[in-house]
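The values are calculated or read from the model by the stated rules, or taken from the named source; none is laboratory data. Every value quoted in this text rests on a predicted model; they were computed, and no experiment measured them. Neighbour counts run over all protein chains shown; Cβ positions are idealised from the backbone, glycine included. Calculation scope for accessible area: heavy atoms of the full protein, side chains included, ligands and nucleic acids excluded. Shrake-Rupley method; radii C 1.70, N 1.55, O 1.52, S 1.80 Å.
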Amino acid sequence: MDVKRVKEYIYWLYYQYLLVTCSYVLEPWEQSMFHTVTVTVVAMVLYTAYVFVPIHVRLALEFFSQMLGARPEGA
């Protein structure tokens, strides 16, 4: 892929984002605030998933291994 096509694709994705969120009808300062809130929420969701999902997966694996009769690692 050349740089021009990648740049056009990124612009196309941004335009799709504007269309889906209907933020293209906002004033520039409103768009700025909307994008800031959206990025903040997405960042918080990703951080929460990064921190808490592995813990819950480990606990679920321990629970189901005990349900299936596997011995604990410390025994």
| remark: PHE34 passes all but one of the listed conditions (1) open to solvent by 90 Å² or more (accessible area, probe 1.4 Å); (2) among the aromatic types (Phe, Trp, Tyr); (3) in contact (Cβ under 8 Å) with a residue 12 or more places away in the chain; the exception is number (1)
| Of all residues in segment 37-51, which are open to solvent by 80 Å² or more (accessible area, probe 1.4 Å) and either at pLDDT below 95 or within 16 Å of TYR17 (Cβ to Cβ) (or both)? | VAL37, VAL39
| said: Quick test of your reading of the structure: TYR9 fulfils all but one of (1) of a type outside the set (Val, Ile, Thr); (2) modelled with pLDDT under 95; (3) open to solvent by 70 Å² or more (accessible area, probe 1.4 Å). Name the failing condition by number. | reply: (2)
| request: Keeping to segment 14-24, report how many residues are exposed (fewer than 10 other Cβ atoms within 10 Å of the Cβ) and in a helix (DSSP H, G or I). | output: 1
